[in-house]
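Contents: one structure, followed by commentary.
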Amino acid sequence: MESAEQAVIRDQYELFTDAPGEQAQNEEVSNSGGDPLIAGKSEPVPKMAGFDTVTTGTSNIQVFVRRDRKEAMIEVSAQEGVAPEVTIELLLESLKTAGVVFGIDAEALEILAKVQTLKSICGARALQPVDGDNGLLKYHIDIESQGKPTLLEDGRVDYKNLNNFINIEAGQLLVEKISSTPGTPGKDVLGLLILANSGQEAQLPVGKNVTVVDNCQLVAAIPGQLHIAHGRVSILPTIIIEGDVDYSTGNIDFQGSVIIHGSVQSGFSVKASGNVEVRGNICGGVVEANNITVRNGIQGMNRGDVKANNRLVAKFIENATVYAGIEAVVSDVVLHSKVFAGVRIILEGQRGLALGGRLSAGQEIRVRTAGNEAQVPTNLEVAVDPFLKDEYFMLRDELAKAEVRAEELKRSLAYRRLQGVENLSTVKREYYEKMEEEFNTLPDSMEDLQLRIEDVRRFLYSLEPGCVYVAKTMHAGVRVAIGPLSRTIDGPLQYLKLYGEGREIRFTSYR
């Protein structure tokens with residue numbers, strides 16, 4: 001009679017069986033169909049679903065191996081009234097005879113040897129294969145920030161900086177492919193390998209103007225705007241704004257070119273490493289680019305600056321400050337504005353009027369009309385690089401301030417030395433050391449400033465004499481400066497060319 005412990009174990013492992021009915025008898029015979037038979041009965045031994053019965057040579061121990069060879073079940077039966085002799089050695093020998101050599105569960109065999117009879121228990125399990133991981137794409141660009149306003153340090157939101165466009169530099173890493181893994185094979189209970197599935201490789205989202213490096217990195221081929229569509233990553237060299245640059249777009253800072261179908265509104269800025277074309281107006285906004293074309297005009301409202309590294313073209317300029325590294329071309333009028341160009345300013349359109357303000361170019365200025373009958377002060381300057389001229393005066397101011405600062409530091413350090421540096425408090429000693437460090441570095445900084453001032457001064461004086469060309473009328477009150485020379489026109493003049501000769505400005509007919 002079995003103990004309570006044996007009964008509990010038996011009940012627990014009976015859950016594994018799929019074959020109802022009586023226990024197999026101590027002896028098997030085979031029918032004509034080859035199925036195992038219970039001795040003394042005509043029906044076959046019940047099979048477990050999905051398992052094959054393997055003859056073991058031991059009458060009371062049967063081994064059932066799953067057809068996929070992932071499990072081997074052991075069943076121990078006994079003749080009525082006869083207790084079977086089951087040992088771990090016999091169980092192992094039965095498994096071995098059935099071909100089961102891997103994944104044997106020693107603990108299960110111990111339980112079976114203790115219980116002696118059990119309908120079915122798993123005696124061996126396969127080592128399952130582990131499929132490989134699929135490849136992944138790691139994005140090195142912050143896509144989530146696109147379209148989100150900039151948060152200021154004080155907690156306020158800057159709705160002029162909406163980050164609608166993600167700037168990309170040439171050569172910038174966009175996407176990195178992390179390779180798939182091959183997977184780890186398993187082994188079935190017969191000791192045969194079970195192959196694992198390798199992970200699928202991820203495909204780089206190759207779009208326009210990108211380059212694949214080492215088959216695993218996607219790199220920007222050009223500077224521009226990040227564009228992701230239809231699962232592909234591209235770099236666009238041009239941004240097209242269908243309307244105005246205002247609160248709907250925010251400020252634009254882009255590594256490429258920008259086309260604006262509307263206008264740049266007051267208080268907003270457009271900065272581009274390429275070209276900017278504005279098909280409306282620039283209304284008090286800031287625009288910086290390589291070349292700038294404004295189909296209408298620039299209304300500076302005495303606040304917006306427009307800077308072109310090379311060429312600027314506009315219909316008119318009014319109450320604005322405009323810079324062009326090479327050339328500024330205005331077809332209609334320049335009113336009460338400051339226009340600077342490294343080489344030339346051309347104002348020869350239908351009116352071609354320069355009235356009020358200052359026009360300054362490195363080589364020449366061409367206008368149809370300068371000033372008016374009311375003698376509004378109008379300044380035309382040539383043979384002076386306006387950028388270098390401004391830098392020259394700025395450097396001189398910096399040098400003067402550095403000289404004053406050096407004298408202040410000299411007196412302060414001398415005073416503290418008289419007090420005794422060793423008697424200073426910790427805070428005062430740290431302040432003294434900072435002043436001493438600044439004082440020691442000032443001479444080098446002042447020397448650099450002085451050298452740059454001399455370089456700029458020599459260049460300014462080496463410029464070839466420039467000219468001012470007036471295709472129609474120059475009114476009284478217009479001041480003309482050519483290099484170091486200047487002259488104020490005291491009467492209306494027409495069709496003339498002004499140039500420097502000796503110590504005065506001369507003019508001749510320009511027709």
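Here's a check for you: in the range 280-291, which residue that is among the hydrophobic types (A, V, I, L, M, F, W, C) and without any contact (Cβ under 8 Å) to a residue 24 or more places away in the chain is surrounded by the most Cβ atoms within 10 Å (Cβ to Cβ)?
Step one: list which residues in the range 280-291 are among the hydrophobic types (A, V, I, L, M, F, W, C), which gives 282-283, 286-287, 289.
Narrowing further to those that are without any contact (Cβ under 8 Å) to a residue 24 or more places away in the chain: 283, 286-287.
On the way: 283: 22, 286: 19, 287: 27.
Among those residues, the one meeting the criterion is 287.
For the range 170-186, enumerate the residues that are touching a strand residue (DSSP E or B) at 6+ places or on another chain (Cβ under 7 Å) and either assigned to a loop (DSSP other than H, G, I, E, B) or over 10 Å from residue 132 (Cα atoms) (or both). Don't jump to the end; show me each part of the working.
Step one: list which residues in the range 170-186 are touching a strand residue (DSSP E or B) at 6+ places or on another chain (Cβ under 7 Å), which gives 170-178, 183-186.
Residues satisfying the conditions are 170, 171, 172, 173, 174, 175, 176, 177, 178, 183, 185, 186.
Only one of 500, 491 is part of a loop (DSSP other than H, G, I, E, B) and either over 42 Å from the mean Cα position of the chain (by Cα) or under 28 Å from residue 392 (Cα atoms) (or both). Can you tell me which? Let's see the steps before the verdict.
Details: 500 fails: part of a loop (DSSP other than H, G, I, E, B).
Going through 500, 491 in turn, just one is part of a loop (DSSP other than H, G, I, E, B) and either over 42 Å from the mean Cα position of the chain (by Cα) or under 28 Å from residue 392 (Cα atoms) (or both): 491.
For the structure I just gave you, tell me whether residue 370 is more than 47 Å from the chain's Cα centre (by Cα), within 23 Å of residue 467 (Cβ to Cβ) and surrounded by 15 or more Cβ atoms within 10 Å (Cβ to Cβ).
When the stated conditions are applied, residue 370 passes them.
Take the residues in the range 332-361 that are of a type in the set (Gly, Ala, Ser) and within 41 Å of the chain's Cα centre (by Cα); name whichever of them is surrounded by the fewest Cβ atoms within 10 Å (Cβ to Cβ).
From the range 332-361, those of a type in the set (Gly, Ala, Ser) are 337, 341-342, 349, 352, 354, 356-357, 360-361; that's our starting set.
Subset that is within 41 Å of the chain's Cα centre (by Cα): 337, 341-342, 360-361.
Details: 337: 25, 341: 29, 342: 20, 360: 24, 361: 28.
Taking the candidates together, the pick is 342.
Return only the number of the condition from (1) at pLDDT 90 or above; (2) touching a helix residue (DSSP H, G or I) at 6+ places or on another chain (Cβ under 8 Å) that residue 469 does not satisfy.
All conditions are met except number (2).
Scan the range 269-279 for residues that are open to solvent by less than 10 Å² (accessible area, probe 1.4 Å) and over 24 Å from the mean Cα position of the chain (by Cα) and report the count. Write out each step before concluding.
Narrowing the range 269-279 to residues open to solvent by less than 10 Å² (accessible area, probe 1.4 Å): 270, 276, 278.
Checking the rest, the ones that are also over 24 Å from the mean Cα position of the chain (by Cα) come to 278.
Qualifying residue count for the region: 1.
Condition first: open to solvent by less than 60 Å² (accessible area, probe 1.4 Å), outside any strand (DSSP E or B) and not aliphatic (A, V, I, L, M). Now tell me which residues in the range 308-326 satisfy that.
Initial filter on the range 308-326 (open to solvent by less than 60 Å² (accessible area, probe 1.4 Å)): 308, 310, 312-314, 316-317, 319-325.
Applying the additional criterion that residues be outside any strand (DSSP E or B) yields 310, 319-320, 325.
Of everything in the range 308-326, those that are open to solvent by less than 60 Å² (accessible area, probe 1.4 Å), outside any strand (DSSP E or B) and not aliphatic (A, V, I, L, M) turn out to be 310, 319, 325.
Consider only pairs whose beta carbons are under 7 Å apart and that are at least six residues apart or on different chains; among these, list those whose first residue lies in the range 89-102 and is open to solvent by less than 70 Å² (accessible area, probe 1.4 Å) and whose second residue is part of a helix (DSSP H, G or I) and of a type outside the set (Lys, Arg).
Filtered contacts from the range 89-102: 91/109; 91/112; 91/113.
Residue by residue through the range 69-99, note down the ones that are of a type in the set (Asp, Glu) and either out of contact with any strand residue (DSSP E or B) (no Cβ under 6 Å at 6 or more places or on another chain) or modelled with pLDDT of 90 or more (or both). If you could, list the steps in order and put the result at the bottom.
Of the residues in the range 69-99, the ones of a type in the set (Asp, Glu) are 71, 75, 80, 85, 89, 93.
Result: 71, 80, 85, 89, 93.
Evaluate the range 435-448: report whether one residue or more is of a type in the set (S, T, N, Q), in a helix (DSSP H, G or I), loosely packed, with under 13 Cβ neighbours inside 10 Å and without any contact (Cβ under 8 Å) to a residue 40 or more places away in the chain.
Narrowing the range 435-448 to residues of a type in the set (S, T, N, Q): 440-441, 445.
Subsequent filtering for residues that are in a helix (DSSP H, G or I) retains 440-441, 445.
Checking which are loosely packed, with under 13 Cβ neighbours inside 10 Å leaves us with 440-441.
Then keep just the ones that are without any contact (Cβ under 8 Å) to a residue 40 or more places away in the chain; that gives 440-441.
Yes, the range 435-448 has at least one match.
Being more than 30 Å from residue 401 (Cβ to Cβ), open to solvent by 40 Å² or more (accessible area, probe 1.4 Å) and not small (Gly, Ala, Ser) is the requirement here; does residue 458 meet it? Even if it seems obvious, please write down each step before you answer.
Working: more than 30 Å from residue 401 (Cβ to Cβ): no; open to solvent by 40 Å² or more (accessible area, probe 1.4 Å): yes; not small (Gly, Ala, Ser): yes.
No, not satisfied.
Suppose we filter the range 222-235 for residues that are open to solvent by 50 Å² or more (accessible area, probe 1.4 Å) and in a strand (DSSP E or B); how many remain?
Total meeting the criteria: 3.
Looking at (1) out of contact with any Leu (no Cβ under 9 Å at 6 or more places or on another chain); (2) surrounded by fewer than 18 Cβ atoms within 10 Å (Cβ to Cβ); (3) part of a strand (DSSP E or B), find the lone condition where residue 297 falls short.
(2)
Only one of 187, 177 is within 30 Å of residue 66 (Cβ to Cβ), in contact (Cβ under 8 Å) with a residue 40 or more places away in the chain and basic (Lys, Arg). Can you tell me which? Steps first, please.
Working: 177 fails: within 30 Å of residue 66 (Cβ to Cβ).
Among 187, 177, only 187 is within 30 Å of residue 66 (Cβ to Cβ), in contact (Cβ under 8 Å) with a residue 40 or more places away in the chain and basic (Lys, Arg).
Test each condition in (1) at pLDDT below 90; (2) surrounded by 15 or more Cβ atoms within 10 Å (Cβ to Cβ); (3) not in a strand (DSSP E or B) for residue 114 and report the one that comes out false.
So residue 114 meets the others, but not (2).
Looking at 219, 206, can you tell me which residue is of a type in the set (A, V, I, L, M, F, W, C) and surrounded by 18 or more Cβ atoms within 10 Å (Cβ to Cβ)?
Details: 206 fails: surrounded by 18 or more Cβ atoms within 10 Å (Cβ to Cβ).
One residue alone meets the criteria, 219.
Among 495, 510, 499, which is the only one that is touching a Pro at 6+ places or on another chain (Cβ under 7 Å), open to solvent by 30 Å² or more (accessible area, probe 1.4 Å) and within 24 Å of residue 372 (Cα to Cα)?
Values: 495 fails: touching a Pro at 6+ places or on another chain (Cβ under 7 Å); 510 fails: touching a Pro at 6+ places or on another chain (Cβ under 7 Å).
Exactly one residue qualifies, and that residue is 499.
For the range 300-307, check the following and say yes or no: at least one residue is in a loop (DSSP other than H, G, I, E, B), open to solvent by less than 40 Å² (accessible area, probe 1.4 Å) and either closer than 30 Å to residue 451 by Cα or in contact (Cβ under 8 Å) with a residue 60 or more places away in the chain (or both).
If we filter the range 300-307 for residues that are in a loop (DSSP other than H, G, I, E, B), which is where we start, we get 300-304.
Cutting the leftovers down to open to solvent by less than 40 Å² (accessible area, probe 1.4 Å) gives us 300, 304.
Okay, now just the ones that are also either closer than 30 Å to residue 451 by Cα or in contact (Cβ under 8 Å) with a residue 60 or more places away in the chain (or both), so none.
Within the range 300-307 (the criterion being in a loop (DSSP other than H, G, I, E, B), open to solvent by less than 40 Å² (accessible area, probe 1.4 Å) and either closer than 30 Å to residue 451 by Cα or in contact (Cβ under 8 Å) with a residue 60 or more places away in the chain (or both)), the answer is no, since none of the residues qualifies.
Applying the selection to the range 252-274, what residues are of a type in the set (S, T, N, Q) and at pLDDT 90 or above? Talk me through it step by step, then tell me what you get.
Residues of the range 252-274 that are of a type in the set (S, T, N, Q), as a first pass: 255, 257, 263, 265-266, 269, 273.
Within the range 252-274, 257, 263, 265, 266, 269 meet the criteria.
The values are calculated or read from the model by the stated rules, or taken from the named source; none is laboratory data. Bear in mind that the values here come from a model prediction, so they are computed numbers and not experimental data. As a convention, Cβ positions derive from the backbone with ideal geometry for all residues, glycine included, and neighbour counts pool all protein chains shown. Keep in mind that these areas ignore ligands, DNA and RNA; they rest on the heavy atoms of the full protein, side chains included. Shrake-Rupley method; radii C 1.70, N 1.55, O 1.52, S 1.80 Å.
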